[in-house]
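Structure, as structure tokens:
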Amino acid sequence: MNRILALDFGRARIGVAISDELQLLAHPLETISAKQQPAARIVEIVREKNVDHVVAGIPRQMNGQIGSAATEVLDFVEKLRALLPCPVVTWDERLTTVAAHRALRDARDTRGYVDQVAAQMILQSYLDSRAERDR
């Protein structure tokens, strides 16, 4: 199987995580600066890692509504869909950044890594949901 890539979007950074080849476990991959042509880097990663599809975390509000941050992500997702040779799906990522901060609370200098861990949590949630559905 090919890997699945996940993205945790932020205005400053985009966290990236990738699954193993069995699509069971998510691993942090890298953090992309939002100022340095992130779409081009994502296209490179998809090609380099032979990605099956991309999961983009959508930061819905706690009531499930789409706010301005989610709208920005959805606009970027549309841009990616035009550039990538694979599907891009969206996934509810409420509170993943908060959970990532908690998971890394005791670590030092976690600023860039938090985004990767948030992407990892988005992807693991997505993978677990697929596994549960397939049972």
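Label points 7 Å out from Cα along the Cβ direction at residue 1 and residue 74: separation in nm?
2.9 nm
Quick one: which of 71-82, 5-16 comes out on top by average Cβ neighbours within 10 Å, and what's the full order, highest first?
Taking the mean over residues of other Cβ atoms within 10 Å, the ranking is 5-16, 71-82.
Report the net charge of residues surrounding residue 83, where surrounding means a beta-carbon distance below 13 angstrom and charges are Lys +1, Arg +1, Asp -1, Glu -1.
Net charge in that neighbourhood comes out at +2.
Using a 10 Å cut-off on Cβ atoms, rank the peptides 117-124, 84-91 from the highest mean neighbour count down.
The most tightly packed comes first, giving 117-124, 84-91.
Modelled label-to-label distance, residue 135 and residue 44, 7 Å Cα→beta-carbon offset: nm?
4.0 nm
Between residue 34 and residue 66, how high is the FRET efficiency from 1/(1 + (r/R0)^6) when r is the Cβ-Cβ distance and R₀ = 25 Å? Nearest 0.05.
After rounding to 0.05, the efficiency reads 0.80.
Where a number appears in this text, it was derived from the coordinates with a stated rule and is not lab data. This one's a predicted model, so the numbers in the text were calculated from it and none came from an experiment. Every residue, glycine among them, receives a Cβ derived from its backbone with ideal geometry; neighbour counts consider all protein chains shown.
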